[in-house]
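*Asks:* Take a look at this one; I'll ask things after.
The values are calculated or read from the model by the stated rules, or taken from the named source; none is laboratory data. The structure displayed is predicted, hence computed values, not measured ones. Cβ placement follows ideal geometry from the backbone for every residue including glycine, while neighbour counts extend to all protein chains displayed. Note: accessible area is taken over every heavy atom of the protein model, side chains too, but ligands, DNA and RNA are not part of it. Shrake-Rupley method; radii C 1.70, N 1.55, O 1.52, S 1.80 Å.
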Amino acid sequence: MIAPSVLPADFSRLGDEVRALEDAGVDLIQWDVMDGQFVPNLTFGPDVIASARRHTSLPFEAHLMVLTPDVMAARYVEAGCQRLIVHAEACSHLHRTCENIRALGGTAAVALNPHTPASVVEHVLELVDMILVMTVNPGFGGQGYIAAMEPKITEVRAMIDSHGLSDSVHLEVDGGIGPSTVAGAARAGANVLIAGSALYRDPKGLGHAVSELRSLAEAAVAA
Ligand code: DX5
C-alpha cells in the first residue's frame, strides 16, 4: 500500500489536496501530528484533520509524534482517524495505550524510532494492526533514508509472521521513501510505504509518483 504524508501539501487548500491524493490512487492518508515536544516541530491538531475528513472517503491514520498520546487519542478518533500510531518511546504503558485506542473504536499501531529495538513491540502485537518502523528520526520531511533500518524491518516482519499475524498486522515504513529506496524497504518486509517529498517533487505529478512507487515495490517483492 502507498500512503502519503501530507506534510508537503499546501495547507491553504487542504480539501483540494486530499482530493488530489485520492485521485492519484493512494490507499490511505497519513497525518503527521507533531506537538513540538516529542519532536522539534509542530503541525496539525484534530480540527484541521476533521476539516479534511469530508473531502475524501479514504482511511485516515494519525501518526502521533506527541508526548501525551493517551491524552490526545480520543480527539483524533473523533476527527476521523481510523488508525492511531503511537510512539513506543512516548508510552510508559504501551499495552494499556493500545487497549485504550481500541476501546475508543480506533485501531492501534506502534511506531519505533531508529534507536528502538524491534523487541519493544513483541508483547503488543496482538493489540495492533500495524507496526511502523521509522527510517528517519521523526520531525521533518525530506530527510535521508536510513538503510541501516532494513534488518530491523526484516526482524519485525519475522516477528509478525512467527506470531501468525501476517494477515492482520501491517508493517509500515516512513521516512526517505522514494524510487531509489522503496525496493529495499519492500524487500525487507514493509507492505505499507509512506512517502511525502517523493510524491510531491515528482515532475510528472502525484499519480505518476504513486504508481511508480507501487510498481517498484511490487517488482522488488516479486523478484
Ligand atoms: C518524519 C515524517 C516524515 C514524513 C515523510 O517525522 O513522518 O517521515 O512522514 O517524509 P519524506 O517522505 O519526505 O521523507
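*Asks:* Can you pull out the residues in segment 153-202 that are under 17 Å from the mean Cα position of the chain (by Cα), within 16 Å of the ligand (Cβ to nearest atom) and charged (D, E, K, R)?
*Replies:* Glu172, Asp174
*Asks:* Right, here's the next one. Go through segment 135-145 and give me each residue that's open to solvent by less than 60 Å² (accessible area, probe 1.4 Å) and hydrophobic (A, V, I, L, M, F, W, C). Don't jump to the end; show me each part of the working.
*Replies:* As a first pass, look at segment 135-145 and keep what is open to solvent by less than 60 Å² (accessible area, probe 1.4 Å): 135-136, 138-139, 141, 144-145.
Hit for segment 135-145 is Val136, nothing else.
*Asks:* Could you say whether any residue in segment 132-146 is at negative phi, under 17 Å from the mean Cα position of the chain (by Cα) and away from the ligand (no atom under 12 Å from the Cβ)?
*Replies:* Within segment 132-146 (the criterion being at negative phi, under 17 Å from the mean Cα position of the chain (by Cα) and away from the ligand (no atom under 12 Å from the Cβ)), the answer is no, since none of the residues qualifies.
*Asks:* List, please: which pairs have Cβ atoms under 9 Å, are six or more places apart or on different chains, and start with a residue in segment 174-190 that is under 17 Å from Ala222 (Cβ atoms) and end with one that is polar (S, T, N, Q) and more than 11 Å from the ligand (Cβ to nearest atom)?
*Replies:* Arg187/Thr154; Ala188/Thr154; Gly189/Thr154
*Asks:* Could you list all residues from segment 111-123 that are open to solvent by 10 Å² or more (accessible area, probe 1.4 Å) and out of contact with any Asp or Glu (no Cβ under 8 Å at 6 or more places or on another chain)?
*Replies:* Those that are open to solvent by 10 Å² or more (accessible area, probe 1.4 Å) and out of contact with any Asp or Glu (no Cβ under 8 Å at 6 or more places or on another chain): Pro114, His115, Pro117, Ser119, Val120, Glu122, His123.
*Asks:* Follow-up question, since we're still on this one. Only one of (1) within 14 Å of the ligand (Cβ to nearest atom); (2) more than 19 Å from Phe60 (Cα to Cα) is not met by Ala111, so which one is it?
*Replies:* It fails just one condition, (2).
*Asks:* Also, I was wondering about something else. Report, ordered by the first and then the second residue, all pairs with beta carbons closer than 7 Å, sequence separation of six or more or different chains, a first member in segment 134-153 that is under 21 Å from Val86 (Cα atoms), and a second member that is in a helix (DSSP H, G or I) and near the ligand (Cβ under 6 Å from one of its atoms).
*Replies:* If the second residue must be in a helix (DSSP H, G or I) and near the ligand (Cβ under 6 Å from one of its atoms), the pairs left are Gly141/Ser197.
*Asks:* Continuing with the same structure: Which of (1) surrounded by 19 or more Cβ atoms within 10 Å (Cβ to Cβ); (2) touching a Ser or Thr at 6+ places or on another chain (Cβ under 8 Å) does Leu132 not meet, given it meets every other one?
*Replies:* (2)
*Asks:* Tell me the residue from Ala148, Ala158 that is under 30 Å from Asp35 (Cβ atoms), of a type outside the set (D, E, K, R) and open to solvent by 30 Å² or more (accessible area, probe 1.4 Å), please.
*Replies:* On the way: Ala158 fails: under 30 Å from Asp35 (Cβ atoms).
Within the list Ala148, Ala158, the selection yields Ala148.
*Asks:* Let me ask something additional. Of all residues in segment 210-223, count the ones that are within 12 Å of Ser180 (Cα to Cα) and in contact with a helix residue (DSSP H, G or I) (Cβ under 8 Å, 6 or more places away or on another chain). Talk me through it step by step, then tell me what you get.
*Replies:* As a first pass, look at segment 210-223 and keep what is within 12 Å of Ser180 (Cα to Cα): 212-213, 216-217, 220.
Subsequent filtering for residues that are in contact with a helix residue (DSSP H, G or I) (Cβ under 8 Å, 6 or more places away or on another chain) retains 213, 216-217, 220.
Here the count works out to 4.
*Asks:* Also: For segment 1-50, which residues satisfy the criterion of being surrounded by 15 or more Cβ atoms within 10 Å (Cβ to Cβ), among the polar types (S, T, N, Q) and over 13 Å from the mean Cα position of the chain (by Cα)?
*Replies:* Hits for segment 1-50 are Asn41, Thr43.
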